[in-house]
Amino acid sequence: MSSLTSTQSGAGSGTREREDARVEGPARSTAPTVAHSAADCLARAVRALESLQEPDGYWKGELETNVTIDAEDLLLREFLGIRTAEQTAETARWIRSRQADDGTWANFHGGPPELSTTVEAYIALRLAGDEPQAAHMASAAKFIRASGGLERTRVFTRIWLALFGLWRWEDLPVLPPELMFLPKWVPLNIYDFGCWARQTVVALTVVGAHRPVHELDLSLDELRSGAPAPLAKPLTTWAGRFQLLDRVLHLYERRPIRFLRRAALRRAENWIVKRQEADGCWGGIQPPWVYSLIALHLQGYALDHPVVRSGIAGLDGFTVNDSLGRRLEACQSPVWDTALAVTALADAGLTPDDPVLTSAARWLLAEEIAVPGDWSVRRPELAPSGWAFEFANDWYPDIDDTAEVVLALLRTTEPAGEAISRAVAWVEGMQCRDGGWAAFDVDNTQELCRELPFCDFGELIDPPSADVTAHVVEVLSGIQGSGQAVQRGVEWLLAAQEKDGSWFGRWGSNYVYGTGAAVPALIAAGIPTDHPAVRLAVSWLELHQNDDGGWGEDLRSYTDVSYRGRGPSTASQTAWALLALVAAGERSRAGARAVDYLIDTQNDDGSWDEPWFTGTGFPGDFYINYHLYRLVFPVMALGRYLRALGPFVNGETDD
């Protein structure tokens with residue numbers, strides 16, 4: 001049984017009396033003051049986490065991203081003719097609050113200036129009435145010109161410019177809707193793209209076919225640098241060949257085959273409508289949502305059409321309004337947050353029958369998906385199950401969430417056996433041919449997608465990753481032991497370990513996250529703590545511990561190896577490292593120093609401050625600050641630490 005699924009025998013009365021800080025250290029403590037400091041820290045964090053549970057039983061922390069989400073919301077509303085003065089003013093206030101002193105905007109807190117993000121923020125502020133002569137606008141424009149101007153922005157930014165007559169459609173790569181007719185066995189069919197990219201691509205084929213222009217009463221000439229178009233890639237490369245294909249497609253766009261174009265647009269339109277979720281979204285994420293609304297509007301769907309009306313109304317549920325201004329969440333994570341919170345509180349000592357846990361389990365069980373989604377294209381015989389990340393996303397349950405939900409359900413007394421059996425069968429059926437697991441699909445590894453001229457922003461495919469594979473290995477090990485699926489998963493993890501001992505983190509930043517997931521999974525699967533892979537991972541973590549006892553990793557580690565395992569300490573990343581050390585049975589000073597860091601940096605209300613982004617959407621391009629991570633992972637790590645390494649907390653080291 002894995003550490004996540006074993007019964008917690010530490011403190012916690014299982015009743016509401018535990019609100020009186022009855023989360024205690026191990027009974028064999030020989031230095032109560034030190035142990036109680038960690039236990040008190042945990043007790044405060046537990047109370048803080050419990051206080052955030054919603055009446056229905058779930059948790060949901062805000063997902064903070066960069067300001068392109070907010071800028072594009074204003075641009076969408078302008079295009080549809082529904083932008084209001086209040087929305088504009090409040091969104092502009094939020095965007096201004098994120099501007100750096102040098103006038104730029106970054107993709108994550110503390111990150112470097114980013115050209116396309118700065119351009120989109122600038123355009124949004126122009127919509128809000130900010131004049132180019134204003135100091136904050138002039139400094140942004142200066143950076144934009146120095147960085148290559150509008151001419152060097154990503155394709156998605158230039159699509160927005162084209163929508164408003166600020167860029168020529170003829171100068172954008174072509175993505176024809178006839179793509180919808182490619183059979184599933186032909187490379188670059190829509191199912192070769194990851195689910196997030198697939199939904200966006202289908203919608204953009206419609207937008208690109210219409211090439212609409214909604215004129216704005218403003219110019220962006222102050223952002224143009226006059227930079228020439230980049231040189232063509234050589235035809236010896238796939239990028240060069242696709243550029244040649246793009247030139248051919250531009251010729252086709254001048255005179256498309258009319259009946260084929262009409263049929264392709266109808267197929268894309270029907271595909272989009274079919275995949276709208278109950279809350280009006282598409283895929284539970286902003287990019288396909290925005291582009292799907294534009295696409296359907298261009299196909300003749302009026303603003304009062306039920307599909308469009310539902311889509312626009314649904315955006316309100318993703319909107320945050322507070323003293324900082326108005327902003328949108330790119331996604332919402334109630335299922336993920338709830339599963340992690342249940343596991344963390346169980347690790348902290350809540351008994352399986354505690355009402356906090358059982359109410360959460362009931363909510364999770366009601367969220368199980370019972371219908372096939374896009375994943376069934378490659379697994380048509382597999383019975384549906386699983387959980388999605390969001391409130392509503394039945395088309396795209398994900399394997400990572402499903403693994404964490406099952407781990408959480410196993411920690412409660414709520415009857416869940418049948419749901420767990422269905423979920424385990426589904427997860428096993430989604431194992432890729434190489435033995436790993438991806439987030440949403442099976443064998444979604446067509447790397448040619450990355451070479452398309454149209455696709456220059458973010459990851460486009462969904463290959464297996466260490467973090468998802470680790471979570472699945474952990475849950476299957478706890479339920480089934482070392483079966484064939486687990487053995488293949490373990491082999492995949494061992495092969496995926498970096499030479500320095502770390503693992504790449506696809507959905508969290510980065511090597512600290514991957515290592516924090518992989519080590520507990522390997523131990524749960526029966527790999528001994530003295531295995532070379534485990535010892536190398538521990539050495540890597542200890543080598544990268546900061547002087548303050550914490551861990552942090554700057555998101556630039558996805559593109560610059562010098563940042564690997566390096567960055568300001570955060571509560572969430574420190575907890576990830578501590579989870580790995582605890583699983584490995586490590587008794588060096590590193591774990592005690594990590595606990596001291598968490599104690600020293602905890603707020604009076606039991607939470608931690610964490611402005612840094614530690615979640616990943618697209619490595620190298622798009623990142624997320626999960627506001628609940630700063631609380632749920634420290635609770636999890638401290639609970640396991642106090643239970644598993646009690647003597648070491650009190651100074652009985654192996655040093």
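The values are calculated or read from the model by the stated rules, or taken from the named source; none is laboratory data. Remember, it's a predicted structure, so these values are computed and weren't measured experimentally. As a convention, Cβ positions derive from the backbone with ideal geometry for all residues, glycine included, and neighbour counts pool all protein chains shown.
Quick one: which of L493, L476, L460 is modelled with pLDDT under 95 and of a type in the set (A, V, I, L, M, F, W, C)?
L460
Which of the residues that make up segment 538-568 are in a helix (DSSP H, G or I), over 24 Å from the mean Cα position of the chain (by Cα) and small (G, A, S)?
S539
Taking T104, is it touching a Ser or Thr at 6+ places or on another chain (Cβ under 6 Å), more than 19 Å from V320 (Cβ to Cβ) and not in a helix (DSSP H, G or I)?
yes
Take the residues of segment 170-195 that are assigned to a helix (DSSP H, G or I) and more than 26 Å from R258 (Cα to Cα): which is nearest to the chain's Cα centre (by Cα)?
C195
Mind checking which residues of segment 580-614 are within 19 Å of N510 (Cα to Cα) and either surrounded by fewer than 24 Cβ atoms within 10 Å (Cβ to Cβ) or among the aromatic types (F, W, Y) (or both)?
Scanning segment 580-614 gives E610, P611, W612, F613.
Among the residues of segment 170-188, is there at least one that is closer than 25 Å to P397 by Cα and of a type in the set (D, E)?
Within segment 170-188 (the criterion being closer than 25 Å to P397 by Cα and of a type in the set (D, E)), the answer is no, since none of the residues qualifies.
How about segment 324-375: which of its residues are charged (D, E, K, R) and over 30 Å from I461 (Cβ atoms)?
R326, D347, D353, D354, R362 - these are the residues of segment 324-375 that are charged (D, E, K, R) and over 30 Å from I461 (Cβ atoms).
Select from segment 175-192 the residues that are touching a helix residue (DSSP H, G or I) at 6+ places or on another chain (Cβ under 7 Å) and at pLDDT below 95 and list them in ascending order.
Within segment 175-192, L175, K184, P187, L188 qualify.
Would you mind stating whether V490 is in a helix (DSSP H, G or I), on the phi < 0 side of the Ramachandran plot and within 26 Å of the chain's Cα centre (by Cα)?
Yes; evaluated as a whole, the condition is true for this residue.
Confirm whether D434 is surrounded by 24 or more Cβ atoms within 10 Å (Cβ to Cβ), touching a residue at least 12 places away in the same chain (Cβ under 8 Å) and of a type outside the set (A, V, I, L, M, F, W, C).
No; evaluated as a whole, the condition is false for this residue.
Taking segment 313-325 as the region of interest, how many residues are buried (at least 18 other Cβ atoms within 10 Å of the Cβ) and assigned to a helix (DSSP H, G or I)?
Residues that pass the stated criteria total 2.
Quick one: would you say E414 is under 16 Å from W363 (Cβ atoms), free of Cβ contacts under 8 Å to residues at least 60 places away in the same chain, surrounded by fewer than 24 Cβ atoms within 10 Å (Cβ to Cβ) and not aliphatic (A, V, I, L, M)?
Criteria met by E414.
If you scan segment 121-158, which residues turn out to be within 24 Å of L80 (Cα to Cα) and more than 24 Å from the chain's Cα centre (by Cα)?
Answer for segment 121-158, where residues must be within 24 Å of L80 (Cα to Cα) and more than 24 Å from the chain's Cα centre (by Cα): Y122, I123, A124, L125, R126, L127, A128, G129, D130, E131, L150, R158.
Looking at segment 158-170, which of its residues are touching a residue at least 60 places away in the same chain (Cβ under 8 Å) and within 23 Å of G103 (Cβ to Cβ)?
Of everything in segment 158-170, those that are touching a residue at least 60 places away in the same chain (Cβ under 8 Å) and within 23 Å of G103 (Cβ to Cβ) turn out to be W160, F164.
Could you tell me whether any residue of segment 586-602 is without any contact (Cβ under 8 Å) to a residue 24 or more places away in the chain, under 18 Å from Y513 (Cβ atoms) and of a type in the set (A, V, I, L, M)?
no
Of these, A403, A361, A344, A423, which one is in contact with a His (Cβ under 8 Å, 6 or more places away or on another chain) and small (G, A, S)?
A403 is the lone residue from the list that is in contact with a His (Cβ under 8 Å, 6 or more places away or on another chain) and small (G, A, S).
Of all residues in segment 87-101, which are among the small types (G, A, S), over 17 Å from F143 (Cβ atoms) and surrounded by fewer than 19 Cβ atoms within 10 Å (Cβ to Cβ)?
A89, S97 - these are the residues of segment 87-101 that are among the small types (G, A, S), over 17 Å from F143 (Cβ atoms) and surrounded by fewer than 19 Cβ atoms within 10 Å (Cβ to Cβ).
Please go through segment 134-148 and give me each residue that is within 16 Å of Q99 (Cβ to Cβ) and in a loop (DSSP other than H, G, I, E, B), ordered by number.
A134, S147
Which condition does G110 not pass, out of (1) surrounded by fewer than 20 Cβ atoms within 10 Å (Cβ to Cβ); (2) assigned to a helix (DSSP H, G or I); (3) among the small types (G, A, S), if it passes all the others?
(2)
Can you tell me which residue within segment 493-505, out of those that are within 25 Å of the chain's Cα centre (by Cα) and not in a helix (DSSP H, G or I), is farthest from M430 (Cα to Cα)?
G501
Please name all residue pairs, on different chains or six or more residues apart, with Cβ atoms under 7 Å, provided the first residue is in segment 455-481 and is on the phi > 0 side of the Ramachandran plot and the second residue is of a type outside the set (G, A, S).
G458/F618; G458/D621; G458/F622
What number goes with the only condition from (1) more than 18 Å from T91 (Cβ to Cβ); (2) in contact with a Lys or Arg (Cβ under 8 Å, 6 or more places away or on another chain) that L324 does not pass?
(1)
Of the residues that sit in segment 497-511 and are of a type outside the set (S, T, N, Q) and crowded, with 19+ Cβ neighbours inside 10 Å, which one is farthest from T570 (Cα to Cα)?
Across segment 497-511, the extreme among qualifying residues is G501.
What are the residues in segment 517-568 that are buried (at least 21 other Cβ atoms within 10 Å of the Cβ) and among the small types (G, A, S), if any?
Once the filter is applied, which keeps residues that are buried (at least 21 other Cβ atoms within 10 Å of the Cβ) and among the small types (G, A, S), segment 517-568 yields A517, A518, A521, A524, A525, A537, G549, G550, G552, S557, G565, G567.
From the list T84, T68, T118, T104, pick out the single residue that is over 25 Å from the mean Cα position of the chain (by Cα) and either crowded, with 20+ Cβ neighbours inside 10 Å or at pLDDT 95 or above (or both).
T84
Within segment 142-152, does at least one residue satisfy the condition of being closer than 25 Å to N625 by Cα and either surrounded by fewer than 18 Cβ atoms within 10 Å (Cβ to Cβ) or without any contact (Cβ under 8 Å) to a residue 60 or more places away in the chain (or both)?
no
Give the residue that is farthest from the chain's Cα centre (by Cα), with candidates limited to residues of segment 437-460 that are buried (at least 20 other Cβ atoms within 10 Å of the Cβ) and of a type in the set (G, A, S).
In this case the residue turns out to be A438.
Mind checking which residues of segment 286-299 are in contact with an Asp or Glu (Cβ under 9 Å, 6 or more places away or on another chain) and at pLDDT 95 or above?
Result: V290, A295, L296, Q299.
W167 versus (1) in a loop (DSSP other than H, G, I, E, B); (2) buried (at least 21 other Cβ atoms within 10 Å of the Cβ); (3) of a type in the set (A, V, I, L, M, F, W, C): which is the lone unmet condition?
Every listed condition holds for W167 apart from (2).
Residue pairs, Cβ under 7 Å, 6 or more apart or interchain, first in segment 279-306 and closer than 17 Å to W196 by Cα, second hydroxyl-bearing (S, T, Y). List them.
Between residues of segment 279-306 that are closer than 17 Å to W196 by Cα and residues that are hydroxyl-bearing (S, T, Y), the close pairs are G280/S310; W282/S292; G283/Y396; P287/T200; P288/T200; Y291/T200.
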